[in-house]
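Notes follow the structure.
The values are calculated or read from the model by the stated rules, or taken from the named source; none is laboratory data. All values derive from a computational prediction rather than experimental measurement. Please note: Cβ atoms are built from the backbone with ideal geometry, for glycine as well, and neighbour counts cover all protein chains shown.
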Amino acid sequence: MKSFPLHRKFARGVTLVEAVIAVGVLAVAVPLVFGALAEAGKSGFSSQAETRSTWMVPACMDEIQASRDGRPQYFTATITGQAFPPAGDVWALGFSAEGKPVGKLSKALYDKGAKELDGKPILYIAVMSAGNATLTSGGQTMLRARISIEYPAAAPVAKRSKLDFHTRIP
């Protein structure tokens, strides 16, 4: 049997310095990994919202036009050139994860956030407004309309991410 010198027998283990360095590396690496995962989730959610907006924005424009024609499904009727929503109110529609309209949200529900509306899950909120009339080169008065897609719908208004879309309407 071969014998080892005394100082070589103890060299097989991990020193305290090595253990502290390993723990330090883990203390830095683990939060970075979780941070990267969280950002990837936000990025995926943002790209889903952008994709669904191609269905949600036209649905909102249809509701605005229906309001102008006196046959709105969710909001009050308006006339050409009239700004909306009325002061202190909000025109907000809840949309499903697939980008289909679910229904109108009250101001209180819009402010605090909602996971579902009338028993149907919602993931996005579209907020519509128009104001600041401008005169075009053709002499027609146009309103600046804004449709904001906000997500996630369950979060309070201050914590939602937003995609804004702008156009002009008579």
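In table form, for the structure just shown:
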read-out	value
Single residue of Gly103, Gly113 found to be touching a helix residue (DSSP H, G or I) at 6+ places or on another chain (Cβ under 9 Å) and at pLDDT 95 or above	Gly113
Close pairs (6 angstrom Cβ cut-off, 6 or more residues apart or separate chains): within 18 Å of Glu150 (Cα to Cα) in the stretch 109-138, basic (Lys, Arg) anywhere	Ser129/Arg146
Residues (under 11 Å from Ile125 (Cβ atoms) and either touching a residue at least 40 places away in the same chain (Cβ under 8 Å) or out of contact with any Leu (no Cβ under 9 Å at 6 or more places or on another chain) (or both)) located in the stretch 148-160	Ile149, Tyr151, Pro152, Ala153, Ala154, Ala155, Val157, Arg160
Single match in Ala153, Ala126 (criterion: more than 14 Å from Tyr74 (Cα to Cα) and of a type outside the set (D, E, K, R))	Ala153
In the stretch 37-82, residue farthest from the chain's Cα centre (by Cα) [restricted to those that are surrounded by fewer than 17 Cβ atoms within 10 Å (Cβ to Cβ), among the charged types (D, E, K, R) and in a helix (DSSP H, G or I)]	Asp62
Unmet criterion (only one of (1) closer than 23 Å to Gln48 by Cβ; (2) touching a residue at least 60 places away in the same chain (Cβ under 8 Å); (3) assigned to a loop (DSSP other than H, G, I, E, B); (4) not aromatic (Phe, Trp, Tyr)) for Ala97	(2)
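Residue-by-condition table, conditions (1) of a type outside the set (A, V, I, L, M); (2) more than 16 Å from the chain's Cα centre (by Cα); (3) surrounded by fewer than 14 Cβ atoms within 10 Å (Cβ to Cβ); (4) part of a strand (DSSP E or B):
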{"site": "Ala87", "(1), (2), (3), (4)": "no, yes, yes, no"}
{"site": "Val102", "(1), (2), (3), (4)": "no, yes, no, yes"}
{"site": "Tyr110", "(1), (2), (3), (4)": "yes, no, no, no"}
{"site": "Met128", "(1), (2), (3), (4)": "no, no, no, yes"}
{"site": "Thr134", "(1), (2), (3), (4)": "yes, yes, yes, yes"}
{"site": "Gly138", "(1), (2), (3), (4)": "yes, yes, yes, no"}
{"site": "Ile149", "(1), (2), (3), (4)": "no, no, no, yes"}
{"site": "Ala155", "(1), (2), (3), (4)": "no, no, no, no"}
{"site": "Asp164", "(1), (2), (3), (4)": "yes, no, yes, yes"}
